[in-house]
1. With respect to residue 201, determine if the residue is over 17 Å from residue 316 (Cα atoms), at pLDDT 95 or above, over 19 Å from the mean Cα position of the chain (by Cα) and not basic (Lys, Arg).
2. How many residues are closer than 28 Å to residue 338 by Cβ, open to solvent by 30 Å² or more (accessible area, probe 1.4 Å) and touching a residue at least 24 places away in the same chain (Cβ under 8 Å) if we restrict to segment 138-154?
3. Would you check which residues across segment 295-316 are more than 21 Å from residue 285 (Cβ to Cβ) and in a strand (DSSP E or B) and list them?
4. Taking segment 85-108 only, how many residues are in a helix (DSSP H, G or I) and among the hydroxyl-bearing types (Ser, Thr, Tyr)?
5. If you take the residues in segment 250-267 that are of a type outside the set (Val, Ile, Thr) and open to solvent by 60 Å² or more (accessible area, probe 1.4 Å), which one is farthest from residue 317 (Cα to Cα)?
6. Within 20 Å of residue 273 (Cα to Cα), among the polar types (S, T, N, Q) and surrounded by 17 or more Cβ atoms within 10 Å (Cβ to Cβ), is that true of residue 184?
7. Condition first: at pLDDT below 95, within 17 Å of the chain's Cα centre (by Cα), open to solvent by less than 30 Å² (accessible area, probe 1.4 Å) and among the aromatic types (Phe, Trp, Tyr). Can you find one or more residues in segment 76-87 that meet it?
8. Within segment 94-109, can you find the residues that are in contact (Cβ under 8 Å) with a residue 12 or more places away in the chain and surrounded by fewer than 19 Cβ atoms within 10 Å (Cβ to Cβ)?
Amino acid sequence: MGTSGNPSSAMEAPWGNYGKIENTGLEITLSTHPVSTKNFSWDSEFEISWNKNKLVALSGTSSAAIIGNGMWDDPVSRSDIGQPLFQFYGYVTDGIYTSLEDIENSPKPVAYNKDGYNHYNTVWVGDVKYKDLSGPEGKPDGIIDDYDQTYIGNPMPKYTFGWTNTFRYKDFDLSIFINGSVGNKVGNYLRRRLDAMKDVWTNQAASVLDRSIVTPINPDKDYSQGYQGRNSSLVWHWYDDIENVQVLNPTSLPAVRINNPNNNDRWSDRYIEDASYLRVKNITLGYTLPKSVCKKLYVDNVRLYCNIQNLFTITGYDGYDPEVGASTADQNGYVYGLDNGRYPSPTVYSFGLNVTF
């Protein structure tokens, strides 16, 4: 009742418990005191945890729950029965089309036209090539379409860890906290926008300077009278002639394609990155005044300290911050590990004074 009709006034369907999730894991904490003397002590605590989750069942259905629809252009993740939650779901790339021969000898994308090629609305040299993984019969069929989407990364880490070390020397204390995760993937959705090279009105990242470059096979070919060949119509320039273009430097980035008929920026493993990281999360240095000084000041305790949060992070991830977590842009909360331009964790310097009366 009330869940249909005008979207501006209709209520959303109620939430409910419609599935079963299984989590299994192990957490180990090791607390030690490596050094303990009159003037110096060192306390250390290391924690590591493993967790695996799985969607066990969905009530009343055995089909997959596709998530990430709605605000996303493509489904970016999918939770399927028997699989971990929130896995990234998309296409698997297979390099770049480097020539007409490469296109003809590869599985055919939807933008392929057997009657001829057109630089503006068919697949072209320099486009992204995708792997043919399946078809209507459950096996490769020589066509690149929705059947070829598959799981392309798990946003959940294999394990996470934290390590705290506290050092005390006379009236000084130093605490260092390091944390991190290993094995989790992040979907760099922001990079999908910044290296698409399909819109002259959208800023692009400097990484597009390393894109695949299309060059003529024969720069002296004459087009003054027009040329058709394998093209769908007469062409007047080498870059419109499918028989006279090649890629000399195939990279992970396609060539510039303003109309993007091949959907080079479709959601694929091209945007999935390893987000393992190690971060110096917190450092605190403090000094506590001797009791004799505190007594003269008529206070019980005085401690001065300085603190640094997020000092530095070691990671191979290209985005701002590998510690993404659940997506704040998706209202359903069904998307995890998707970086849609997450603001980076700032480095914070603070100073303080604690006085106990």
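The values are calculated or read from the model by the stated rules, or taken from the named source; none is laboratory data. All values reported here derive from a predicted model rather than from experimental measurement. So basically every Cβ, Gly included, is an ideal-geometry build from the backbone, and we count neighbours across all protein chains shown. Areas reflect the complete protein model, heavy atoms only, side chains present, ligands, DNA and RNA absent. Shrake-Rupley method; radii C 1.70, N 1.55, O 1.52, S 1.80 Å.
1. Judged against the criteria, residue 201 is not a match.
2. Of the residues in segment 138-154, 5 are closer than 28 Å to residue 338 by Cβ, open to solvent by 30 Å² or more (accessible area, probe 1.4 Å) and touching a residue at least 24 places away in the same chain (Cβ under 8 Å).
3. 314, 315
4. 0
5. The residue in question is 259.
6. Against the criterion (within 20 Å of residue 273 (Cα to Cα), among the polar types (S, T, N, Q) and surrounded by 17 or more Cβ atoms within 10 Å (Cβ to Cβ)), residue 184 qualifies.
7. no
8. Within segment 94-109, 94, 95, 99, 102, 108 meet the criteria.
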